[in-house]
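Take a look at the structure set out below.
The values are calculated or read from the model by the stated rules, or taken from the named source; none is laboratory data. Because the structure is a prediction, the values reported are computed rather than measured. Ideal geometry is used to build each Cβ from the backbone, glycine not excepted, and the neighbour counts take in all protein chains shown.
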Amino acid sequence: MTMTATDPSPRPLTDADDGNTSSSKAPTPSKRAPRIIRRKKKGSSTAEDANANDIPAHIQNNTQLHHIISTTLPKDYEFEIPKTIWRIEKANATAVALQLPEGLLMYA
């Protein structure tokens with residue numbers, strides 16, 4: 001016994017079947033719940049947030065590092081070198097890439 005691909009039972013065509021996009025019936029809009037976005041209030045930080053960004057003493061009190069920064073880098077810009085060193089240490093990074101504007105590439 002062989003099966004045929006045609007469907008012997010007739011069924012009415014719908015707008016989706018015949019590709020007709022114009023219809024007398026308007027599609028029913030899907031009802032979604034409104035999105036609610038809550039933001040943190042300014043000044044409401046936890047103790048963990050404050051401690052996470054504190055630069056450790058071995059970086060802050062490194063006189064050799066601060067001497068090199070003050071004698072090598074221009075004073076017009078804040079490079080945030082101690083903060084960058086802390087973020088590298090905290091991430092246990094093995095490779096670091098710096099991105100500077102063209103005028104500051106000589107300091108990279």
Within the range 58-89, the residues that are among the aromatic types (Phe, Trp, Tyr) and under 20 Å from residue 101 (Cβ atoms) are 77, 79
Just to be sure before I move on: is residue 99 exposed (fewer than 10 other Cβ atoms within 10 Å of the Cβ) and either at pLDDT 95 or above or touching a strand residue (DSSP E or B) at 6+ places or on another chain (Cβ under 9 Å) (or both) in the structure I sent?
no
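Give me the residue from the range 50-108 that is in a helix (DSSP H, G or I) and acidic (Asp, Glu) and, out of that set, farthest from the chain's Cα centre (by Cα). Steps first, answer last, please.
So the first thing to find is which residues in the range 50-108 are in a helix (DSSP H, G or I), and the list is 50-52, 57-60, 63-72, 81-91, 102-107.
Cutting the leftovers down to acidic (Asp, Glu) gives us 89, 102.
Values: 89: 21, 102: 25 Å.
Taking the candidates together, the pick is 102.
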